[in-house]
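J.: First the structure, which I've put down as structure tokens, then a few questions once you've had a look.
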Amino acid sequence: MRIFDFRLTAFLTLACAASWTTACKPRKSVRVELTDESAASLSASVHAADPQTAAQLVRGFYDIEQNSWRWTRREFAVVLQTPASSASKGATLTLKFAIPEAEFEKLGPITLSASVGGKPLPPETFAAPGTHTYSKPVPPAALSAAVVEVDVSLDKCLPPGAVDGRELGLIFSSIALESR
């Protein structure tokens, strides 16, 4: 019995030591870069409920709710394929979303700012709850790459609370770049 106890103790000691040393190693960061092949598979429009374009929601989005929409954080980003001929003619960015009445009662009007490919677009203030569309022309200079990142920020949002521990920005439905 003692031999069994000794072997078990030795095994557990080695297992703990091995897991401790591997757990303490610094983790390597991973950087994902799009290739021409992956850029071709991206879409110029993303819907909150579409699993085929969900990978294009790069940051600031929560899980899908009621199979149709997602909450965002105060700041969020999407990558979109640029439409054909948009590098010469420009495009229109269209973001469809909602501001719930309960959120609007606490925060009041919300100003949305966006940039495409690092080029800022005019902000817009939404002074009522309900469904909204942010639609702005995007200059050709912002669309010279095959894929662009669209960064969106709100001037305010609901902070994490006792009932819902998430920062809540707006209810996202869809976003698209359309040729002009």
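The values are calculated or read from the model by the stated rules, or taken from the named source; none is laboratory data. Remember, it's a predicted structure, so these values are computed and weren't measured experimentally. Glycine also receives a Cβ, built like all others from the backbone with ideal geometry; neighbour counts cover every protein chain displayed.
J.: Could you look through the range 105-127, keep only residues that are of a type in the set (A, V, I, L, M) and assigned to a strand (DSSP E or B), and pick out the one that is surrounded by the most Cβ atoms within 10 Å (Cβ to Cβ)? Before the answer, list the steps.
T.: At the first step, the residues of the range 105-127 found to be of a type in the set (A, V, I, L, M) are 107, 110, 112, 114, 116, 121, 127.
Okay, now just the ones that are also assigned to a strand (DSSP E or B), so 110, 112, 114, 116.
On the way: 110: 21, 112: 21, 114: 21, 116: 23.
Checked the range 105-127; the qualifying residue surrounded by the most Cβ atoms within 10 Å (Cβ to Cβ) is 116.
J.: Sticking with this one: Might you check whether a residue that is more than 26 Å from residue 50 (Cα to Cα) and either surrounded by 13 or more Cβ atoms within 10 Å (Cβ to Cβ) or aliphatic (A, V, I, L, M) (or both) occurs anywhere in the range 65-85? Let's see the steps before the verdict.
T.: Taking the range 65-85 first, the residues more than 26 Å from residue 50 (Cα to Cα) are none.
No: the range 65-85 contains no residue that is more than 26 Å from residue 50 (Cα to Cα) and either surrounded by 13 or more Cβ atoms within 10 Å (Cβ to Cβ) or aliphatic (A, V, I, L, M) (or both).
J.: Tell me the residue from 121, 158, 168 that is touching a residue at least 60 places away in the same chain (Cβ under 8 Å) and either under 23 Å from residue 84 (Cα atoms) or within 19 Å of the chain's Cα centre (by Cα) (or both), please. Give the steps one after another, and end with the answer.
T.: Details: 121 fails: touching a residue at least 60 places away in the same chain (Cβ under 8 Å); 158 fails: touching a residue at least 60 places away in the same chain (Cβ under 8 Å).
It is 168.
J.: Just one of the numbered conditions (1) surrounded by fewer than 20 Cβ atoms within 10 Å (Cβ to Cβ); (2) modelled with pLDDT of 95 or more; (3) under 22 Å from residue 149 (Cβ atoms); (4) of a type outside the set (S, T, N, Q) is not true of residue 130; which one?
T.: (3)
J.: With respect to residue 126, determine if the residue is farther than 21 Å from residue 64 by Cα, in contact with a His (Cβ under 6 Å, 6 or more places away or on another chain) and of a type outside the set (Ser, Thr, Tyr).
T.: Working: farther than 21 Å from residue 64 by Cα: yes; in contact with a His (Cβ under 6 Å, 6 or more places away or on another chain): yes; of a type outside the set (Ser, Thr, Tyr): yes.
Yes.
J.: Among the residues of the range 143-159, are any touching a Phe, Trp or Tyr at 6+ places or on another chain (Cβ under 7 Å) and over 17 Å from residue 61 (Cβ atoms)?
T.: Initially, the range 143-159 is screened for residues touching a Phe, Trp or Tyr at 6+ places or on another chain (Cβ under 7 Å), giving 152.
Next cut, over 17 Å from residue 61 (Cβ atoms) only: none.
No, every residue in the range 143-159 fails to be touching a Phe, Trp or Tyr at 6+ places or on another chain (Cβ under 7 Å) and over 17 Å from residue 61 (Cβ atoms).
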